[in-house]
Amino acid sequence: MKAGIILMAAWLAAASTPLVAGQLYQWKDAQGRTVYSDQPPPTSVRNAQQKSFKGSVIEGNESYVVKVARERYPITLYTSACGAPCDQARQLLIQRGVPFSSKDLQASEDARNEVQKLTGKLNVPVLMVGSEKIEGFESGQWQAALDRAGYPKSAPPGSKPVPPAAPVPAAAPSPAPLP
């Protein structure tokens, strides 16, 4: 019984700690300096501001590692309805939890022009990891480029991967190069 009371008291103390640390006050002192404190300002201070914090949680769905990698080495995937290579390329990025922008060469003339300028042809998929260009899908090569850029090897636990876009049905099987 005594151990249960001690455990309950310890749990309550631990659970209430973030609530106490979540208050911050800001005001100007008599000399005009801005003061920040976790203690309330003196009663003589006017225009004091109280700010609340929800703890030390990084806001957003993106981990710090992914954020740094994304800022240094943004990912762009150039695809079309090229079938398995484009689908596998997109799926690899989703499974690794890599944020990427996707440009469809069939839907955008600008995307076609970009790929033509980058590669000299209109073959897809093309992956840009920062300024590194990888033509065609080869899993090992793509994994190595993402590793060098610092992206995690898999999506974080509990994240819901974005389902790949439904492939556009083609009238007849076509090769990866666009007309």
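Within segment 50-107, restricting attention to residues that are aromatic (F, W, Y) and modelled with pLDDT under 90, which residue is nearest to A155 (Cα to Cα)?
Among those residues, the one meeting the criterion is Y64.
Does F100 count as farther than 13 Å from P74 by Cα and either touching a Leu at 6+ places or on another chain (Cβ under 7 Å) or in contact (Cβ under 8 Å) with a residue 40 or more places away in the chain (or both)?
no
What's the total number of residues in segment 103-117 that are of a type outside the set (K, R) and in contact (Cβ under 8 Å) with a residue 40 or more places away in the chain?
Total meeting the criteria: 2.
Kindly establish whether Q26 is at pLDDT 75 or above, of a type in the set (S, T, N, Q), outside the structural domain of P99 (by TED's automatic domain parsing) and in a loop (DSSP other than H, G, I, E, B).
no
Would it be correct to say that P40 is more than 26 Å from E132 (Cα to Cα) and modelled with pLDDT of 80 or more?
yes
Report, ordered by the first and then the second residue, all pairs with beta carbons closer than 9 Å, sequence separation of six or more or different chains, a first member in segment 73-87 that is assigned by TED's automatic domain parsing to the domain that holds L122, and a second member that is among the polar types (S, T, N, Q) and surrounded by 22 or more Cβ atoms within 10 Å (Cβ to Cβ).
Between residues of segment 73-87 that are assigned by TED's automatic domain parsing to the domain that holds L122 and residues that are among the polar types (S, T, N, Q) and surrounded by 22 or more Cβ atoms within 10 Å (Cβ to Cβ), the close pairs are P85/T79; C86/T79; C86/S80; D87/T79.
On the given criteria, is P152 touching a Cys at 6+ places or on another chain (Cβ under 7 Å) and touching a residue at least 24 places away in the same chain (Cβ under 8 Å)?
no
When segment 78-122 is examined, which residues are found to be part of a loop (DSSP other than H, G, I, E, B) and of a type in the set (V, I, T)?
V98
Failed condition for Q116, given (1) surrounded by 14 or more Cβ atoms within 10 Å (Cβ to Cβ); (2) over 12 Å from T76 (Cβ atoms); (3) of a type outside the set (D, E), with all others met?
For Q116, the exception is condition (1).
The values are calculated or read from the model by the stated rules, or taken from the named source; none is laboratory data. From a predicted model like this one, the values you see are computed outputs, not experimental measurements. Note that we place each Cβ from the backbone using ideal geometry, even for glycine, and neighbour counts take in every protein chain shown.
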